[in-house]
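Student: Got a structure here, written out as C-alpha cells. Questions coming.
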C-alpha cells in the first residue's frame, strides 16, 4: 500500500517589521505632542494665575501682620523689609521662616515673626509675635493649633467666647518691665497670666512661647534691624 505524501510545509511571511516600527513611532509622536501641549497649557495657566496667587499670598501676609501690629505703628513696606531666619530652637521653629521689620520715619518700630510651642495639649501651636522697639510685645496671635474645640481652643481669639476681652489680649503691650521674665507663666504655675479652668496646658504653652519670643527679640534686636532686606540672619 502506498502512503499519502507528507503535506508540504507552508512558510509564513516574515512579520512586517517596518509596519510595527511605524506604529510605535506614531504612538510615541502622539504622546510627545500631547505632553508638549499639556505642558504648554499648564505653563500658560500658571502665568495667567500667578499674579492673582501672588497678590492673594501678599494680602494674607498683610492681614496676619495687621492682627498683631496696627498700621499706624509703621510707614515702611514691611513685606519688602524682611529677612530670613534659620531654624531656631529658641523660637521652637524647625524650619526657616521670615521676619518682618517695621520702621517709622526710618527708625526701628517693631519686629514681627513666627514662634511655636511644641507642648500644646494636642501638639504644636503656631504663633505670630510682634515685639516693639521699646522691648514690649505689641500682641500675640495663634495662627495654627489642634487644641480641643470648646475647651483649649480659646487661645485663638476667633474661637474665644469672650469677644470683648479674648484671653490672648492679656499679652498686648506687655514687656519684662511690666512682668519679670521669671513670672512669665500662668497663675497656676506661679506666674501672672490667666488661664481657663480645665485647659491650663494650652494657656501654659502659649504663655511660655510668647515669653521666649519676647526674650529672643530683645536679645537680638540690634542685629535683626541692621541686616539688609532679603538677607539671611545667622546667630553667632
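Student: State the number of residues belonging to the range 111-144 that are outside any strand (DSSP E or B) and under 21 Å from residue 180 (Cα atoms). Give the steps one after another, and end with the answer.
Tutor: Residues of the range 111-144 outside any strand (DSSP E or B): 121-122, 133-135.
From what is left, the residues that are under 21 Å from residue 180 (Cα atoms) are 133-135.
Number satisfying all stated conditions: 3.
Student: Please go through the range 125-148 and pick out each residue that is modelled with pLDDT of 95 or more and either surrounded by fewer than 16 Cβ atoms within 10 Å (Cβ to Cβ) or over 17 Å from residue 91 (Cβ atoms) (or both).
Tutor: 132, 133, 134, 135, 136
Student: Could you check how many residues of the range 149-169 are assigned to a loop (DSSP other than H, G, I, E, B) and either surrounded by 15 or more Cβ atoms within 10 Å (Cβ to Cβ) or over 24 Å from the mean Cα position of the chain (by Cα) (or both)? Full working, then the answer.
Tutor: Going through the range 149-169, the residues assigned to a loop (DSSP other than H, G, I, E, B) turn out to be 149-152, 156-166.
Okay, now just the ones that are also either surrounded by 15 or more Cβ atoms within 10 Å (Cβ to Cβ) or over 24 Å from the mean Cα position of the chain (by Cα) (or both), so 150-152, 156-157, 159-166.
Residues that pass the stated criteria total 13.
Student: Do we find that residue 175 is surrounded by fewer than 20 Cβ atoms within 10 Å (Cβ to Cβ) and farther than 27 Å from residue 99 by Cβ in this structure? Please lay out each step first, then the result.
Tutor: Working: surrounded by fewer than 20 Cβ atoms within 10 Å (Cβ to Cβ): yes; farther than 27 Å from residue 99 by Cβ: no.
In short, no.
Student: If a residue must be assigned to a loop (DSSP other than H, G, I, E, B), crowded, with 16+ Cβ neighbours inside 10 Å and within 15 Å of the chain's Cα centre (by Cα), how many such residues does the range 74-89 contain?
Tutor: 0
Student: I've got another one for you. Within the range 187-234, which residues are in contact with a helix residue (DSSP H, G or I) (Cβ under 7 Å, 6 or more places away or on another chain) and not assigned by TED's automatic domain parsing to the domain that holds residue 127?
Tutor: Of everything in the range 187-234, just one residue is in contact with a helix residue (DSSP H, G or I) (Cβ under 7 Å, 6 or more places away or on another chain) and not assigned by TED's automatic domain parsing to the domain that holds residue 127, namely 233.
Student: May I pose another question? Answer yes or no: is there a residue in the range 72-88 that is touching a helix residue (DSSP H, G or I) at 6+ places or on another chain (Cβ under 6 Å) and touching a residue at least 40 places away in the same chain (Cβ under 8 Å).
Tutor: no
Student: In the range 49-77, what count of residues is obtained for those that are closer than 17 Å to residue 136 by Cα and modelled with pLDDT under 80?
Tutor: 0
Student: Taking the range 172-199 only, how many residues are in contact with a strand residue (DSSP E or B) (Cβ under 7 Å, 6 or more places away or on another chain) and within 14 Å of residue 135 (Cβ to Cβ)?
Tutor: Here the count works out to 3.
Student: Here is a further query. So, in the range 115-124, how many residues would count as being in contact with a helix residue (DSSP H, G or I) (Cβ under 7 Å, 6 or more places away or on another chain) and under 17 Å from residue 93 (Cβ atoms)?
Tutor: 5
Student: Residue 207 is checked against (1) surrounded by fewer than 14 Cβ atoms within 10 Å (Cβ to Cβ); (2) assigned to a helix (DSSP H, G or I) and fails just one. What number does that condition carry?
Tutor: Residue 207 satisfies all of (1) surrounded by fewer than 14 Cβ atoms within 10 Å (Cβ to Cβ); (2) assigned to a helix (DSSP H, G or I) except (1).
Student: Sticking with this one: How about the range 170-194: which of its residues are in a loop (DSSP other than H, G, I, E, B) and over 27 Å from the mean Cα position of the chain (by Cα)? Full working, then the answer.
Tutor: Filtering the range 170-194 for residues in a loop (DSSP other than H, G, I, E, B) gives 172-173, 176-180, 184-185, 190-192, 194.
Hits for the range 170-194 are 176, 177, 178, 179, 180, 190, 191, 192, 194.
The values are calculated or read from the model by the stated rules, or taken from the named source; none is laboratory data. Remember, predicted model here, so these are calculated numbers, not experimental data. Note that each Cβ is placed from the backbone with ideal geometry, even for glycine, and that neighbours are counted across all protein chains shown.
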